[in-house]
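No lab work stands behind these numbers, since they all come straight from the coordinates. Being a predicted model, the structure only gives us computed values, none of them experimental. Here the Cβ positions follow ideal geometry from the backbone for every residue, glycine too, while neighbour counts run over all protein chains shown.
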Amino acid sequence: YGELSLVMQELKRRMPEKREITVLLQEHTDYQTMVTVMDKVRSYPAVQAMDVVQAELFPVISLGDTPGGSDEVAAAASSANRVTQS
């Protein structure tokens, strides 16, 4: 999930005005995986004025499903890559 967070931070740097993202899930994605992925695309811990705060990434999250795909994180990363192309 660390790499997913870094990819989301880079996307936000490139498109600071974007607030929405679509996360595509596999048929058998467990609940905890879905929640963790949503947390990673929503915000990340950042230091501001000597405090750790949750910096906003993409707080408006839509969920969808996709047939196939190798795993839940790959589906989320694939969705994030599509954001950069729009």
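Quick notes on this one:
- With all pairs of different C-alpha atoms in the average, the Kirkwood value for the hydrodynamic radius of segment 1-46 is 11.5 Å.
- Estimated vicinal HN-Hα couplings, Hz - segment 27-38 in sequence order (Karplus 6.51, -1.76, 1.60; Gly, Pro = x): 4, 9, 5, 7, 4, 5, 4, 4, 5, 5, 4, 4
- Remark: spin-label model distance Glu27-Met15 equals 2.9 nm, labels positioned 7 Å along the Cα→Cβ axis.
- Among the trypsin sites (Lys or Arg not before Pro) in segment 11-57, those placed in a DSSP loop whose Cβ has at most 16 other Cβ atoms within 10 Å are Lys18, Arg19.
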